[in-house]
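Quick notes on the structure that follows.
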Amino acid sequence: MINITLPDGSVKQVSKGSNALDLARQISEGLARNVLAAKVNGKVIDATLPLYEDAHLTLLTWNDPEGKSTMWHSSAHLMAEAIELLYPGVKFGIGPDIENGFYYDIDFCDYDISEKDFSKIEKKILELAKEKQTYQRKEVSKADALDYFSKKGDEYKLELIQDLEDGQITFYKSGQFTDLCRGPHIPNTGFIKAVKLTKVAGAYWRGDENRKQLTRIYGITFPKKKELTAYLEMLEEAKKRDHRVLGKELGLFTFSQKVGLGLPLWLPRGAVLREQLEQYLKRVQKEAGYEPVITPHIGNVNLYKTSGHYQKYGEESFKPIKTPVEGEEFFLKPMNCPHHCEIFNSSPHSYKELPIRYAEFGTVYRYEQSGELHGLTRVRGFTQDDAHIFCTPDQIKSEFNGVIDIVQQIFTAFNFNDVIIQISLRDPQHPEKYIGSDENWEKAENAIKEVAEERGLNAIVEYGEAAFYGPKMDFMVRDAIGRKWQLGTIQVDYNLPERFDLTYIGADNEKHRPVMIHRAPFGSMERFVAVLIEHCGGNFPLWLSPDQAIILPISEKYQNYAEKVLLLLKKHEIRTVIDDRSEKTGRKIRDAELKKIPYMLIVGEKEEASGSVSVRKHGEGDLGTFSIEDFAQKINSEVNKLINY
RNA sequence: GCCAGCAUAGCUCAGUUGGCCAGAGCAGCUGAUUUGUAAUCAGCCGGUCGGGGGUUCGAAUCCCUCUGCUGGCUCCA
């Protein structure tokens with residue numbers, strides 16, 4: 001007998017050679033029916049793999065992330081089996097599970113594949129799933145593995161096997177499909193009750209654009225049909241919230257072929273929204289000791305030679321523009337830091353002045369490949385809520401703290417309650433990849449780690465993800481329907497101060513090198529607005545809404561009164577409009593609801609007589625009658641509460 | 001840039017296998033209506049069917065090409 005310790009600390013005894021499934025049956029048949037895999041001593045394995053020693057064991061079901069991954073990975077195999085049956089002779093690359101489902105990269109040789117073929121493949125998958133095929137694990141020697149796939153004529157698998165160590169190679173066979181695979185897998189295909197192939201895309205073999213492009217088919221599976229339905233509903237919801245759709249509907253921004261790819265045009269209502277964001281951040285930054293600076297949209301090529309960006313990115317940038325007479329070259333600025341360095345350099349600095357914080361809503365231009373452009377989240381011209389902090393190495397920690405304060409304040413203000421923080425540090429194996437002294441790196445990395453710890457931030461630490469010039473902290477948020485977005489970033493930089501020969505005079509009367517911190521809490525205005533639109537589904541918080549209130553006169557007779565109300569509300573800086581069309585009230589309300597205007601003010605005979613407005617809140621309904629003054633107070637206090645001064 | 005799909009009025013979409021002056025709803029304009037918490041009625045305007053080339057007696061429809069959009073891949077200061 002062996003002792004198996006479960007997560008709750010209880011110990012079960014099972015006979016040697018039993019597997020996780022046997023153990024589950026000991027607990028309950030119902031549990032056993034749901035076990036997808038098992039985690040043994042921290043490693044996920046097949047639930048059917050025999051156990052020979054005492055171990056800590058967790059049974060994994062659909063409710064565990066690892067259970068889902070296992071199921072999806074097994075689904076990739078099942079899809080491959082279905083495809084092989086339907087299209088004999090195709091060759092397989094890799095087929096992993098991903099965050100939402102799985103994919104398989106397949107060389108379809110002479111077959112043409114498009115989304116039209118999905119339903120056929122889905123049908124086949126479900127058919128095979130019903131057979132409850134088991135996934136049989138088999139250890140094979142490298143020679144046998146090579147032999148199998150050379151007979152099959154699958155050069156991709158052969159290439160993968162070449163890189164593997166003999167003795168560590170396993171095959172999994174389900175139904176008629178055998179695949180090179182390290183596992184683990186679900187007990188049998190019967191768990192897969194619903195499948196949806198989601199997209200087809202080209203993907204280079206091993207991500208290398210010089211190699212053959214395979215066809216990647218994405219899919220997702222579920223243990224219950226109902227879950228697939230819910231997933232499809234979520235996708236529908238995401239579609240409705242798509243910032244490109246809402247941006248058009250709400251008149252926020254547009255694109256023009258004539259202006260150019262990836263160059264957003266902000267419409268008046270979008271500009272109001274963006275201006276609110278900028279004003280808000282400017283106020284927060286002013287309080288935090290930032291000084292605004294303004295720099296031009298272009299910079300001499302020498303600026304980027306000094307910064308090093310020319311060498312690194314010159315080829316992938318918009319080509320430089322030239323002065324007509326001298327032939328001097330200028331780049332559209334791809335970032336603001338070099339300009340800010342020169343501002344710092346424009347006068348000598350004492351240690352007493354540090355930290356110096358230059359902030360600018362700087363518009364930058366980057367050449368993105370045409371296929372990469374996407375709404376406002378991926379553009380060629382965008383405005384960063386940029387700032388650069390010049391400080392001493394000892395000040396890094398407190399500056400980091402200050403920036404995190406701002407970031408958190410912002411996330412709270414916008415109701416992003418689920419924030420994921422990633423700290424990116426050096427790869428300890430390859431110190432040569434980074435510039436700057438070990439001592440400085442350690443100081444900065446420790447500062448970041450300490451700050452995270454002291455603040456109790458739930459941060460993921462990733463080694464080897466740092467930029468070559470310094471460690472960084474990135475902020476991701478989860479939106480209202482669970483999608484992850486990368487927003488703000490804080491980066492420590494030892495490189496640019498060196499390249500621009502930035503100095504300050506220390507207390508010892510000697511020159512010292514300052515450290516630079518790049519930071520952008522929103523990331524870019526474009527991206528942030530896009531994420532915000534999708535997060536709130538276009539129902540902006542009152543303080544950001546382009547129109548905060550709309551006055552709906554019952555008929556033309558109350559037009560004068562409506563204008564009087566408008567004037568009063570404008571005096572209170574409430575963004576208000578009037579719907580003076582000759583329409584019925586129901587129609588005006590409907591249109592205002594569709595435009596997602598937070599407050600509708602209905603005015604007719606009663607209201608005019610008593611100097612009041614009848615208030616209807618977007619999405620909620622009638623709130624009753626308020627005097628104009630009371631309504632203005634209500635709005636303003638609501639706005640103040642939302643921005644949380 | 002690469003793979004796949006798509007492109008019909010400002011927007012959302014019809015337009016069977018190529019065949020009369022290319023349709024609808026919404027929006028817009030004009031008029032009537034003067035309206036009380038999610039769509040008042042009528043009329044009008046609006047399109048070289050993304051651009052170019054080809055096949056055909058005849059092309060929105062078939063072929064080629066370019067442009068743009070969508071979903072991926074690759075890259076991202």
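The values are calculated or read from the model by the stated rules, or taken from the named source; none is laboratory data. Computed from a predicted model, the values in this text were never measured in an experiment. Don't worry about glycine lacking a Cβ; one is built from the backbone with ideal geometry, like all the others, and counts go over all protein chains shown. Calculation scope for accessible area: heavy atoms of the full protein, side chains included, ligands and nucleic acids excluded. Shrake-Rupley method; radii C 1.70, N 1.55, O 1.52, S 1.80 Å.
Could you size up the charge dipole of segment A:269-416 around its Cα centre, putting +1 on the beta carbon of Lys and Arg and -1 on that of Asp and Glu, and report it in debye to the nearest 20? Please list the in-between numbers first.
Numbers: 16 positive and 19 negative charges, 52 e Å.
Computed charge dipole of segment A:269-416: roughly 240 debye.
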Note, residue A:171: beta-carbon cut-off 11 Å, +1 each Lys/Arg, -1 each Asp/Glu, net +2
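Please state the charge dipole magnitude for segment A:549-643, taken about the Cα centre, from unit charges on C-beta atoms (+1 on K and R, -1 on D and E), reported in debye and rounded to the nearest 20.
On the way: 17 positive and 16 negative charges, 55 e Å.
Computed about the Cα centre, the dipole is about 260 debye.
Over every pair of different alpha-carbon atoms in segment A:549-643, take the mean of 1/r and invert it; report that Kirkwood radius in Å.
Values: mean 1/r = 0.0763 Å⁻¹.
Hydrodynamic radius (Kirkwood, Cα only) of segment A:549-643 equals 13.1 Å.
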Under a no-solvent Debye model with one identical scatterer per Cα of segment A:78-129, what's log10 I(q)/I(0) at q = 0.16, 0.21, 0.29 Å⁻¹? -0.46, -0.80, -1.34
Residue A:234 to residue A:508: extension gain in nm, 0.36 nm per residue of separation minus the Cα-Cα distance? 92.4 nm
Starting with the highest mean, order A:181-188, A:509-516 by the number of other Cβ atoms within 10 Å, averaged over the residues of each peptide. A:181-188, A:509-516
Please work out the C-alpha center-to-center distance from segment A:163-201 to segment A:579-645 and express it in whole Å. 58 Å
Charge dipole (chain A, unit charges on Cβ, about Cα centre) - positive-most of A:531, A:293, A:404: A:531
How much FRET efficiency would the formula 1/(1 + (r/R0)^6) give for residue A:211 and residue A:2, where r is the Cβ-Cβ distance and R0 is 45 Å, rounded to 0.05? 0.45
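Ordered by packing density, taken as the mean number of other Cβ atoms within 10 Å over each peptide's residues, highest first, how do A:546-553, A:207-214, A:95-102 rank? Provide the component values of the computation, followed by the final result.
Working: A:546-553: 24.0, A:207-214: 10.9, A:95-102: 17.1.
Highest-to-lowest ranking by the protection proxy: A:546-553, A:95-102, A:207-214.
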In units of 2.2 N^0.38 Å, the Cα radius of gyration of segment A:2-61 is 0.95
Return the whole-Å distance between the Cα centroid of segment A:503-566 and the Cα centroid of segment A:287-337. 27 Å
What length, rounded to one decimal in nm, is gained on full extension from residue A:640 through to residue A:476, with 0.36 nm per residue of separation minus their alpha-carbon distance? 56.4 nm
Of the options A:619, A:306, A:486, report the single residue whose Cα projects farthest towards the positive end of the charge dipole of chain A (beta-carbon charges: Lys, Arg +1; Asp, Glu -1). A:619
Per residue convex hull volume, Cα atoms of segment A:444-589, in Å³: 215 Å³
Rounded to the nearest 10 Å², the accessible area of residue A:349 at probe 1.4 Å: 10 Å²
Could the peptides A:65-72, A:384-391 be put in order, highest first, of the mean number of other beta-carbon atoms found within 10 Å of their residues? A:384-391, A:65-72
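Tell me, what does the Kirkwood hydrodynamic radius of segment A:252-357 come to in angstroms if you use every pair of distinct C-alpha atoms? Intermediate values should be presented prior to the final figure.
Numbers: mean 1/r = 0.0588 Å⁻¹.
Computed over Cα pairs of segment A:252-357, the Kirkwood hydrodynamic radius comes out at 17.0 Å.
Explain nothing, just the number: dipole magnitude of chain A about its Cα centre with +1 on each Lys and Arg Cβ and -1 on each Asp and Glu Cβ, in debye rounded to the nearest 20. Spell out each step's value before the answer.
Values: 85 positive and 96 negative charges, 394 e Å.
Using only the charged Cβ atoms, the result is roughly 1900 debye.
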Would you mind giving the average projected area, over all directions, of the Cα convex hull of segment A:64-192 in nm² with one decimal? 7.8 nm²
Carbon plus sulfur, as percent of the 1.4 Å-probe accessible area of chain A, comes to 48 percent
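What number comes out for accessible area per residue over chain A if the probe is 1.4 Å? Units Å², please.
Values: 31720 Å² over 645 residues.
Ligands and nucleic acids excluded, the result is 49 Å² per residue.
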At 7 Å along the Cα-to-beta-carbon direction for both residue A:368 and residue A:56, put a label point, then send me their distance in nm to one decimal. 4.3 nm
Considering only DSSP states other than H, G, I, E and B, which trypsin sites (Lys or Arg not before Pro) in segment A:4-50 qualify as loop sites with at most 11 other Cβ atoms within 10 Å? A:16
Quickly work out the residue A:151-to-residue A:136 label distance, labels modelled 7 Å from Cα along the C-beta direction, and quote it in nm with one decimal. 1.4 nm
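Just to be sure I follow: if Rg is taken over the C-alpha atoms of chain A and Rh is the Kirkwood radius over the same atoms, what is Rg/Rh? Don't jump to the answer; show the numbers that get you there.
Numbers: Rg = 30.3 Å, Rh = 29.4 Å.
Rounded to two decimals, Rg/Rh equals 1.03.
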Take the Cα coordinates of segment A:211-312, assign each an equal point scatterer, and use the Debye formula without solvent to give log10 I(q)/I(0) at q = 0.16, 0.18, 0.22, 0.23 Å⁻¹. -1.05, -1.06, -1.13, -1.15
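Convert 20 °C to kelvin, take the viscosity as 1.002 mPa s, use the Kirkwood radius over C-alpha pairs of segment A:1-143 as Rh, and evaluate the Stokes-Einstein diffusion coefficient in µm²/s, rounded to a whole number.
Values: Rh = 17.1 Å.
Translational diffusion coefficient: 125 µm²/s.
Please compute the net charge surrounding residue A:145, taking Lys and Arg as +1 and Asp and Glu as -1 over other residues with Cβ under 15 Å from its Cβ.
Numbers: positive: A:137, A:138, A:142, A:151, A:152, A:157, A:173, A:182; negative: A:139, A:144, A:147, A:154, A:155, A:159, A:163, A:165, A:166, A:179.
Result for the neighbourhood of residue A:145: -2.
Out of segment A:321-395, which GluC sites (Glu not before Pro) are coil in DSSP terms and have no more than 12 other C-beta atoms within 10 Å?
Values: sites: A:326, A:328, A:329, A:342, A:353, A:360, A:368, A:372; in loops: A:326, A:328, A:368.
Hits after loop and neighbour filter: A:326.
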